[in-house]
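We did not get these values from a lab; they are worked out from the coordinates using the rules stated. Just so we're clear, the structure is a prediction, and the values are computed from it rather than from any experiment. Cβ atoms come from the backbone with ideal geometry, glycine included; neighbour counts cover every protein chain shown.
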Amino acid sequence: MQAQVRLYSAVLLIFFIGIGLILYKHLALGFPLMPDDKKFVWTIEAKIDFQAQGDPVIISLALPPKEPYLTFMEEDFASSDYGFSEITTNNERRGQWSKRSAQGAQTAYYRLSVYENDKIVEEPLVDTPTPPQKPELDEVFMTASMTLLEQVRARSANAEIFTRELIQTLNSKSPNQNQRLLRNDKAGEDYKTNLILDLLALEGISARVVRGLFLEDGRRRQSLTNFVEIHDGRQWILFNQDTGKSGKPKNFLIWQRGGQSLLDVVGGRNSQVSFSIIKNTHSTRNLVVNSSQNKQATIIDFSIYSLPIEQQNAFKMILLLPIGALVVVIMRILVGIRTSGTFMPILIALALIETTLITGIIIFLIVVGTGLMIRSYLSRLNLLLVARISAVIIVVITIIASISIISHKLGLSQALTVTFFPMVILAWTIERMSVLWEEDGPREVLIQGAGSLLTAIIAYLFMTNRTVEYLTFNFPELMLVNLALILILGQYTGYRLTELYRFHSVGKHHAIDKH
Amino acid sequence: MLLTSIKRLKSMGIIGMNQRNFGLVSRYNPRHLYPLVDDKLKTKELAQKAGITVPKLLGTLHYQHDVKQLKETLSAYQQFVIKPVKGSGGKGILVITEQDHNLYYKPSGDAVKLTHIKRHVSNILSGLHSLGGKPDSVMIESLIQIDPVFANYSYEGIPDLRVIVLKGYPIMAMLRLATHASDGRANLHQGAVGVGIDIGTGEALHAVQYGEPVYHHPDTRKPFYDLTVPHWNKLLTLAAACYEITGLGYLGVDIVLDRDQGPMIIELNARPGLSIQVANFSGLAPRVEIVEALKEVNPDPQARVEFSKKHFAAVRNLFRPRRKINQTRKQSSILT
């Protein structure tokens, strides 16, 4: 009883360690559980052009903030002959290029590759901003503003609704005189942003400008779009200043928060910055492995990913073996299928992976069938056991070579994969089956042969399943779960499925009982 | 359908392979004792020491070069049996009933040459029939003479009695009869008939071939209803005594009846199969429970046999329903 308790606690421990590691990798490191999980990686290039005048040049560009829900894969500051440094002040990142002297048209680049991860981010605590200062406006403007604010205030209940109403009123298609005066249709985007910020300040709502980029594949010469962000006393809320919609739109990259300049150039004229965007599709797994390696997550650092690619590929195969072992355990303990050799089916399954299913089965049947025929001749030659098995190995190799050559001449390239079958195992299989044939008759050979092949095919189907392959390689912890399952199955003392047939005559009522 | 059949087997107390391996073999049979029964020479020695009759050993061969002397070894005997020392399940057993010049006759009447026998011996020595393919030895035994009681119950072979002994108590017995389909071998998988034998009386209870009930021998057509194994008490006592000589708690004892020398132990098995339940039309589990409930094992085999005969006697006889008709009626109404 105590042994039982010990075993079950060990099983539970192994099981939960396995599950725990899988969950950690999925939730904390972002490993996807499905192989087809894809992510869009955006590559954004900011190009800064200006005319230098021979003086020392300093260019300062606001860089996008590192939000937790974004993973920055790569940042690149390529500009010839320029010194570069990254400066962080007041929670704002700025890139600074500098040069002692420059002349003529100059270009600097900033390139960023970024993707959205699936990490669950806790809302960061934001400190409440200081109440806004009332802007100084001329009288006409002030009156128009107050009238508008009153209208909007009457229709709103809190800061969020107020802001939405305000933006919608300002953007209304049929503006009244007041609105037309305020919004000054000839002025640009920045004017509108400042107007909204001023009006919000008059109402006592803290607000700031947010500049960002709409991510669309293949766009060139883009500029940043202004959004307005208000603080409602608890959190920051982002508003589209053209529609009044709140929240961050999809595929919108926030580049800069607050009113600082986007680009400052000292020692140059006609400076301007433009953005181009390219979208790439990457498998999530590769992205996560790379970023985890960069972050030196220990669990990834000491994993199969740290091996050379060639060994990784070998492990892809090796890590599938436990799945095959599980199939064999289930087939033998729960189903009760007889196989020739306990784990021979796994080896056949491994060979089937290389040869594909139908070709593999045909080749297997041909090799074993021919082998059995030749072996029955060998049994008449009066050989010692070891010599006979060695002879069978040579026979198997001859058969395999013949299959390869004949099929090559016939143009059947598929049959060339025959070399993937483990020859010594095939020889042993033939030897055992032939002994079985002599002792227990062809029926037993068929039962065990079919049992082995069936088990091998089921193992093959599991081992070639893309999801299974993906999970076993990327979550080797699954082996622990597998181990726990096998330990539990090792305790199963119920009937095997085939025993229900074996004992079926006992299960029925006896003829005499019917009288 | 599946569940009801599981339920039915459970209620009959049928033990499955997993249950046997887990609850009986690994529980009662310490691994280090296996060689005593896996090596038939050792078994023979132990049995002889304990005063149990075994077939006479005519000779042994251990090395390939011994094969050269085979002809001389065999020339003295008209009848003999060649066996692998570490064989299992009746594999690799060659029976010769007559020899004439260079020809040896099998029970089926087929003649084989000396070279065939030499190859057979050489195969055994190479480990073809042994567990795990390990090199093996060959033993040559005297042929057992069939007891006239069984004369019409067997085809080309000697019937043998399999008794399951748990902690020294015989709990179930089965007579295995060779048939034409089983090629003279007493192996149920190959079509031999298994006849369940009442522990209480030695009478035949029920018989199966390929898992289906049969009422007479398929080749000789001799009906089973009046089959009774003679020397029943002595047979059970012999089987029970094997517990002391091996120390194995879950044991299959194979016994044959020789016309001249009476019951003899031919083989012991540490992993006896489960077909015996089908042959007896009842499960092992209730009987295992009764033995397991005992506080201590009685050291006297005769006393244990008495206990077994009392507790494991059949409630009804499926071949002779008329004899115990009242009991049968009652019992079957409970079962159905």
Using a 7 Å offset from Cα along Cα-Cβ at B:Thr53, what residues in segment B:113-144 end up with backbone N under 19 Å from the label point?
B:141-144
Add +1 for every Lys or Arg and -1 for every Asp or Glu among the other residues with Cβ under 11 Å from the Cβ of A:Glu229, and state the total.
+3
Using a Förster distance of 41 Å, how high is the FRET efficiency between B:Gln64 and A:Leu365, based on the Cβ-Cβ distance and rounded to 0.05?
0.70
Long-range HN-HN contacts of B:Ser137 with modeled amide H, under 5 Å
B:Val85, B:Lys86
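Compute the FRET efficiency between B:Asn21 and B:Ile290 as 1/(1 + (r/R0)^6), taking r as their Cβ-Cβ distance and R0 = 22 Å, and round to the nearest 0.05. Walk me through the intermediate numbers first.
Values: r = 21 Å, r/R0 = 0.97.
It comes out at approximately 0.55.
Counting only other chains, and only Cβ atoms inside 10 Å, what mean value do you get across the residues of B:210-217?
Values: counts 1, 6, 2, 6, 0, 1, 0, 0.
Whole-number average of other-chain Cβ neighbours for B:210-217 is 2.
Compute the Rg to Rh ratio over segment B:1-144 from the alpha carbon atoms, using the Kirkwood formula for Rh, and round to two decimal places. Walk me through the numbers on the way to the answer.
Details: Rg = 19.6 Å, Rh = 17.6 Å.
My calculation puts Rg/Rh at 1.12.
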Express the Stokes-Einstein translational diffusion coefficient of segment A:414-515 in µm² s⁻¹, to the nearest whole number, given a Kirkwood radius over alpha-carbon pairs, 37 °C and a viscosity of 0.692 mPa s.
180 µm²/s
Can you pull the one-decimal nm distance between simple spin-label points at A:Ser274 and A:His504, each 7 Å off the Cα toward Cβ?
8.0 nm
Here, B:Val112 and A:Lys47, labelled 7 Å along Cα→Cβ, have an inter-label distance in nm of 9.1 nm
Taking trypsin sites (Lys or Arg not before Pro) as exposed when DSSP calls them loop (any state but H, G, I, E, B) and at most 10 other Cβ atoms lie within 10 Å, what is the longest stretch of chain A free of them, the sites themselves excluded?
A:251-515
What the 5 Å binned alpha carbon P(r) of segment B:56-141 shows, as percent of pairs per bin from 0, is 3, 16, 28, 26, 18, 7, 2, 0
Measure nothing but the geometry: give the 0 to 90° angle between the long axis through the Cα atoms of A:159-170 and the longest principal axis through the Cα atoms of chain A, rounded to 10°.
70 degrees
Roughly speaking, what is the centre-to-centre gap between segment B:100-133 and segment B:160-238 when only Cα atoms are used, to the nearest Å?
28 Å
Of the GluC sites (Glu not before Pro) in segment A:138-219, those whose Cβ has at most 12 other Cβ within 10 Å and which sit in DSSP loop:
A:Glu216
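Just want the ordering: A:Trp437, A:Trp97, A:Trp236, from fewest to most Cβ atoms lying within 10 Å of their own Cβ.
Working: A:Trp437 18, A:Trp97 22, A:Trp236 15.
Result, fewest neighbours first: A:Trp236, A:Trp437, A:Trp97.
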Specify the angular offset, from 0 to 90 degrees and rounded to the nearest 10, of the alpha carbon long axis of helix A:357-378 from the longest principal axis of the alpha carbons in chain A.
20 degrees
Calculate the spin-label point distance for B:Asp260 paired with A:Thr493, positioning each point 7 Å from the Cα along the beta-carbon direction, and give it in nanometres.
4.8 nm
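Please average, across the residues of B:179-186, the number of beta carbons from any other chain that are within 10 Å of each residue's own beta carbon, and give a whole number. Spell out each step's value before the answer.
Numbers: counts 0, 0, 1, 1, 3, 0, 2, 0.
Neighbouring Cβ atoms belonging to other protein chains average 1 per residue here.
Largest first and in whole Å, what are the equivalent-ellipsoid semi-axes of chain B based on the Cα gyration tensor, each being the root of 5 times an eigenvalue? Mind showing how you got there, number by number?
Numbers: eigenvalues 241, 105, 67 Å².
Over the Cα atoms of chain B, the semi-axes work out to 35, 23, 18 Å.
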Listed here are the pairs B:Lys40/B:Lys309; B:Lys71/B:Lys167; B:Lys68/B:Lys134; A:Lys192/A:Lys250; B:Lys10/B:Lys134; which of them are more than 32 Å apart at the Cα?
B:Lys71/B:Lys167; B:Lys10/B:Lys134
What Kirkwood radius, in Å to one decimal, follows from the Cα pairs of segment A:312-476?
16.6 Å
P(r) histogram, all alpha-carbon pairs of the protein assembly as shown included - 20 Å bins from 0, percent:
11, 29, 22, 14, 14, 8, 1
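Grab the other residues whose beta carbon is less than 9 angstrom from that of A:Ser379, score K and R as +1, D and E as -1, and report the net. Each step should come with its number before you reach the end.
Values: positive: A:Arg375, A:Arg380, A:Arg388, B:Arg119; negative: A:Glu438.
That sum, taken over residues with Cβ under 9 Å, equals +3.
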What does the charge count near A:Val395 come to, summing +1 for each Lys or Arg and -1 for each Asp or Glu among other residues with Cβ under 11 Å from its Cβ?
+1
Segment A:380-403-segment A:162-197 distance, computed between alpha-carbon centres (Å):
92 Å
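Out of segment B:219-289, which trypsin sites (Lys or Arg not before Pro) are coil in DSSP terms and have no more than 12 other C-beta atoms within 10 Å?
Numbers: sites: B:Arg221, B:Lys234, B:Arg259, B:Arg287; in loops: B:Arg221, B:Arg259.
Within segment B:219-289, the qualifying trypsin sites (Lys or Arg not before Pro) (loop, at most 12 other Cβ atoms within 10 Å) are B:Arg221.
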What is the helix-to-structure angle for B:232-246, meaning the angle in degrees between its Cα long axis and the longest Cα principal axis of chain B, kept from 0 to 90 and rounded to the nearest 10?
70 degrees
Would you give the gap between the C-alpha center of segment A:30-91 and the C-alpha center of segment A:455-501, rounded to a whole Å?
47 Å
Provide the per-residue ³J(HN,Hα) series for segment B:208-222, in order, calculated from phi with Karplus coefficients 6.51, -1.76, 1.60 and θ = phi - 60°, each as a whole number of Hz, with x at glycine and proline positions.
9, 10, 6, x, 10, x, 10, 10, 8, 5, x, 9, 8, 6, 6
Taking Cα atoms only, Rg over Rh for segment B:104-184 with Rh from the Kirkwood formula is 1.05
